[in-house]
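The block underneath contains the structure these notes are about, expressed in structure tokens.
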Amino acid sequence: MTEEKAPPISRPVNRANDTDRHVGTRIRERRIMLGLSQQQMADLIGVTYQQAHKYERGINRISAGRLYEIAQVLGVPVSYFFEGLDNQRATDLTARQRMCLELARNFSSIQNEKHQEALSQMARALAAAED
């Protein structure tokens, strides 16, 4: 009688997957909206620039504790990073999304509140003109 061997158990490889890339994309979008550089973000969460970059690209997985820290720094609930995951949206930003993120980053870097208000009023007027 021959002894049958059990099939080998496949262990999950500790590599990033689509969820990790989605979370990284959401981190990047929020960081840009707040006008933070990757270096500033890295300093705020206590990692190197390279590590922050790998998180955003979805190359390295983010622990639950680190994700909580990132959420605190970015002023969002942890659930924010998983929004839209069910839709499996593409990680590549459209040209319009890229422009919106750049606009948000540039707006947040304007120091003069009167200039910010003027720009906001101009955007409202232009949007109303389109209706």
- [ ] Translational diffusion coefficient, Stokes-Einstein: compute it for region 13-91 using the Kirkwood radius over C-alpha pairs as Rh, at 4 °C and 1.567 mPa s, and state it as an integer in µm² s⁻¹.
- [x] 105
Task: Built amide H within the under 5 Å cut-off of residue 76, gap 5+ - done: none
Open item on the list: Quick check: pseudo-label points 7 Å beyond the Cα along Cα→Cβ at residue 125 and residue 19, how many nm apart are they?
Closed with: 4.9
- [ ] Calculate one ³J(HN,Hα) per residue across region 100-106 by plugging θ = phi - 60° into the Karplus curve 6.51 cos²θ - 1.76 cosθ + 1.60, and present them in order as whole Hz with x for glycine and proline.
- [x] 5, 5, 5, 4, 4, 5, 5
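On a full-extension model of 0.36 nm per residue, what is the gain between residue 66 and residue 111, subtracting their alpha-carbon distance, rounded to one decimal in nm?
Net length gain for the segment: 13.2 nm.
Coordinate-derived values only; no laboratory data. Just so you know, these numbers come straight off a predicted model, no measurement behind them. Don't worry about glycine lacking a Cβ; one is built from the backbone with ideal geometry, like all the others, and counts go over all protein chains shown.
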